[in-house]
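The structure under discussion appears below in the form of structure tokens.
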Amino acid sequence: MLFILYTSGTTGKPKGVVHSTGGYNLYSHITLKWAFDLKDTDVYWCTADIGWITGHSYIVYGPLSNGATSLMYEGAPRPTNPGCLWDIIEKYGVNIFYTAPTAIRAFIKMGEHLPKARNLSSLRLLGTVGEPINPEAWMWYYRVIGQSRCPIVDTWWQTETGGFMIAPLPGAIPTKPGSATRPLPGILADIVDLEGNAVEANNGGYLVVKYPWPGMMRTVYGNPDRFRRTYWEHIPPKDGKYLYFAGDGARKDDDGYFWVMGRVDDVINVAGHRLGTMEIESALVSHESVAEAAVVGRPDQLKGEDIVAFVTLEDKYEASDELKEQLKRHVVQEIGAIARPGEILFSESLPKTRSGKIMRRLLRNLASGQEIAGDTSTLEDRTVLDKLREGA
Ligand code: 7RM
């Protein structure tokens, strides 16, 4: 055993993900080298929190075992110098910059005058991780930070996988905005239904991995049963072969590119229609007034579930009932009447983990007027919940 990293999971009961020495080290080493085309002359910067798997694999183990020149920075942009990240890139001549969509949306909110005032010409490659990247964030990242010349390496992976599973090899695999492209060499990923049958191109299903890989987790610490149940028995073995269940909904297009839709448990069922929360969030964020959005389902007698959207506004916009109506209309325009949010709640901030993942479980509790249940120890800012309660 190399380390145990706890992830809270959807039920709120933490699981200790166990990684091994040889397999994990090999995998974080080789995936960093391949997907970021790492060279001896590169200055590489991953902005992740070191306590997240991304910090483990791509700040600590991967860069060190590669002998990379790696920039480490603890902290976040502060009001006193919101452009400090861009200062750092300029000062140290960073070539590879790896961050998360939630950070990119925060950069957008702070304004593009900040990066524009710095020299970012050293950058040659940009990476993203943590959630599906919405088109607004992708375009901004590409245009403003990458100055329309740096490829964006979208890396799909999990605490459980140890390292990148689906990601482009820059230069060899053309990218498509919003897709992590294709599985890395040696990774047999697919999209299947609940019986384990492969679904056809462009149909939604469950993301699985059909063959072991070096970086895979070895067990749930102290609970091998939970390991088996969660990852290996969710979908029954196919011809005697077990499939690794990632817990993400996704589809493959005609070119074999993977489009990850988000966690399976984040799906909302409105009158029999399955809607991805990500889809609705992305529609909201495409409105000029919205900086960030989190969408959850709330039990509804008529429709099964009703859509509740928590929305953070861009600084120059004011919350109003008029704007709520505008946003509802905007979602209908973008997706259709079925996706119209029943309620929109404005909020200064959203409950997130230190890795920037929105804790929808807590928002679901809030939206349906329940007590917050389960583990909240990974919450980055504990005051957010109180503010939300007051507002809701
Ligand atoms: C690395 C990390 C894992 C979950 C995973 C997905 C989501 C991560 C992407 C993504 C779409 C991506 N580990 N996710 N990366 N979804 N595109 N590039 O995030 O254990 O904290 O989370 O994150 O749902 O299952 S994690």
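Hey, for a label at residue 172 modelled as a point 7 Å past Cα toward Cβ, could you say which residues of segment 243-263 have their backbone N under 18 Å away? Under 18 Å, as judged by backbone N against the label point of residue 172, lie 256-258 of segment 243-263. With a cut-off of 14 Å between beta carbons, the residues surrounding residue 333 carry a summed charge of -1, where Lys and Arg count +1 and Asp and Glu -1. Structure remark: mean-square fluctuation, Gaussian network model of the chain, C-alpha springs under 10 Å; the largest value among 241, 39, 176 belongs to 241.
Taking Lys and Arg as +1 and Asp and Glu as -1, the other residues whose beta-carbon sits under 14 Å from that of residue 379 total +3.
Structural descriptor for segment 6-97: relative contact order 29 percent, calculated from alpha carbon pairs under 8 angstrom and at least 6 residues apart. Considering only alpha-carbon pairs that sit under 8 angstrom and 6 or more positions apart, the relative contact order computed for the chain is 13 percent.
Cβ crowding within 10 Å ranks 290, 18, 43 as 43, 18, 290, fewest other Cβ atoms first. Working note: Karplus 6.51/-1.76/1.60 with θ = phi - 60° gives segment 149-154 the couplings 10, 9, x, 9, 9, 8 Hz, where Gly and Pro are set to x. The mean sequence separation of alpha-carbon pairs under 8 Å and at least six residues apart, normalised by the residue count of segment 83-174, gives a relative contact order of 26 percent. Estimated at 0.36 nm per residue, the fully extended path between residue 314 and residue 65 surpasses their Cα-Cα distance by 85.5 nm. Ordered by the number of other Cβ atoms lying within 10 Å of each residue's own Cβ, fewest first, 164, 97, 245 fall into the sequence 245, 97, 164.
Applying 1/(1 + (r/R0)^6) with r as the Cβ-Cβ distance of residue 92 and residue 321 and R0 = 56 angstrom yields a FRET efficiency of 0.70. Across the chain, the longest run free of exposed loop sites, meaning GluC sites (Glu not before Pro) lying outside DSSP classes H, G, I, E and B with no more than 10 other Cβ atoms within 10 Å, spans 75-194. Straightening the chain between residue 343 and residue 286 buys 18.7 nm, computed as 0.36 nm per residue apart minus the Cα-Cα spacing. Taking the fewest neighbouring Cβ atoms within 10 Å as the starting point, the ordered list for 46, 150, 84 is 84, 150, 46.
We did not get these values from a lab; they are worked out from the coordinates using the rules stated. Since the model is a prediction, treat every value here as computed from it, not as a measurement. For neighbour counting, all protein chains shown are included, and Cβ atoms are generated from backbone atoms with ideal geometry for every residue, glycine included.
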